[in-house]
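The values are calculated or read from the model by the stated rules, or taken from the named source; none is laboratory data. Being a predicted model, the structure only gives us computed values, none of them experimental. FYI the Cβ positions are ideal-geometry reconstructions off the backbone, even for glycines, and counts take in every protein chain you see. To get the accessible areas, we keep the full protein, side chains included, count just its heavy atoms, and leave off ligands, DNA and RNA. Shrake-Rupley method; radii C 1.70, N 1.55, O 1.52, S 1.80 Å.
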Amino acid sequence: MPKDSPKVSLDALIPREAFEVQGQQAQIILNNIPMIQIRNLEQKDFFYPFLRKPDFQRETNEWDALKICDFIESFLDGDLIPAVILWRSDSGYFFVIDGSHRLSALIAWINDDYGDKNISNKFYDGYITEEQKNAAQEVRKLIKSKIGSYQDYELSTQHLDKIDQKALERARNLGSLGIQLQWVGGNASKAADSLNLSEILT
């Protein structure tokens, strides 16, 4: 992996929204749950569609292919992952205060979109630069060779007797591991203050 490996754009994977947005209330109140499962980040799940980033938050494009791959590998191996901090707005959205790169990396892996597939195409109105496409292919190739795609693990559960011990252990982990959550209480102003503090500390 070259030292000047391009950054991967994960910015499309969690939509932006204004803190004070008014909208339909979430039908399932998830505030204060301690953890979400990996399947909650699939597009078809009830949790993922309510994830948002504040509209003024910096872009999620600071990680290169190796950092994304290393993070996903750490997650699969059950290593300690810092909690993601969320705030639930009155509109029912779950705003990411801290951890957008971590969540976006997992969303990218689960939905096979590293800035160049369905979610990103919709976000960018079909216009994705060659540089962005190349960065996406680089991370996809690295992940395929080092840990395997999410879809590989889904298929492996149908043939557990045919996969190696490491892949079997990781497949089991996917069924039990989750992302630890920490919740910010209070109104939009309190959430914005928490976000500003988080960005200062990172």
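Key figures for this structure:
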quantity: Residue in the stretch 19-35 that is modelled with the highest pLDDT, counting only those that are farther than 23 Å from Ile81 by Cα and loosely packed, with under 15 Cβ neighbours inside 10 Å; calculated: Glu20
quantity: Selection status of Phe46, surrounded by fewer than 22 Cβ atoms within 10 Å (Cβ to Cβ), over 14 Å from the mean Cα position of the chain (by Cα), over 20 Å from Lys133 (Cα atoms) and of a type in the set (A, V, I, L, M, F, W, C); calculated: yes
quantity: Filter pass, Ser120 being open to solvent by 70 Å² or more (accessible area, probe 1.4 Å) and part of a helix (DSSP H, G or I); calculated: no
quantity: Per-region count, the stretch 100-117, residues part of a loop (DSSP other than H, G, I, E, B), open to solvent by less than 50 Å² (accessible area, probe 1.4 Å) and either over 21 Å from Lys67 (Cα atoms) or of a type outside the set (Asp, Glu) (or both); calculated: 2
quantity: First in the stretch 127-156 and without any contact (Cβ under 8 Å) to a residue 24 or more places away in the chain, second anywhere and not in a helix (DSSP H, G or I), Cβ under 6 Å, 6 or more apart; calculated: Ile128/Asp116; Lys133/Asp116; Ser156/Ile163
quantity: Matching option when the condition is in contact with a helix residue (DSSP H, G or I) (Cβ under 6 Å, 6 or more places away or on another chain), crowded, with 18+ Cβ neighbours inside 10 Å and at pLDDT below 90, among Ile38, Ile97; calculated: Ile38
quantity: Residue that is farthest from Leu106 (Cα to Cα) [pool: residues in the stretch 53-82 that are basic (Lys, Arg) and open to solvent by 30 Å² or more (accessible area, probe 1.4 Å)]; calculated: Arg58
quantity: Unmet requirement for Trp87, which otherwise passes all of (1) outside any loop (DSSP other than H, G, I, E, B); (2) at pLDDT below 90; calculated: (2)
quantity: Residue pairs meeting the criteria (Cβ under 9 Å; at least 6 apart or on separate chains; first over 10 Å from Val8 (Cβ atoms) and touching a residue at least 60 places away in the same chain (Cβ under 8 Å), in the stretch 66-79; second among the acidic types (Asp, Glu) and not in a helix (DSSP H, G or I)); calculated: Glu73/Asp79
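Residue-wise test of (1) under 18 Å from the mean Cα position of the chain (by Cα); (2) within 17 Å of Tyr48 (Cα to Cα).
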residue	(1), (2)
Ser89	no, yes
Val96	yes, yes
Ala108	yes, yes
Asn118	yes, yes
Asp125	no, no
Thr129	no, no
Ala136	yes, no
Lys146	no, no
Gln151	yes, no
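Residue-wise test of (1) open to solvent by 40 Å² or more (accessible area, probe 1.4 Å); (2) outside any loop (DSSP other than H, G, I, E, B); (3) modelled with pLDDT under 95; (4) polar (S, T, N, Q).
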| residue | (1), (2), (3), (4) |
| --- | --- |
| Val139 | no, yes, no, no |
| Ser145 | yes, yes, yes, yes |
| Asp152 | yes, yes, yes, no |
| Leu155 | yes, yes, yes, no |
| Gln158 | yes, no, yes, yes |
| Ala167 | no, yes, yes, no |
| Arg172 | yes, yes, yes, no |
| Gly175 | yes, yes, yes, no |
| Ser194 | no, yes, yes, yes |
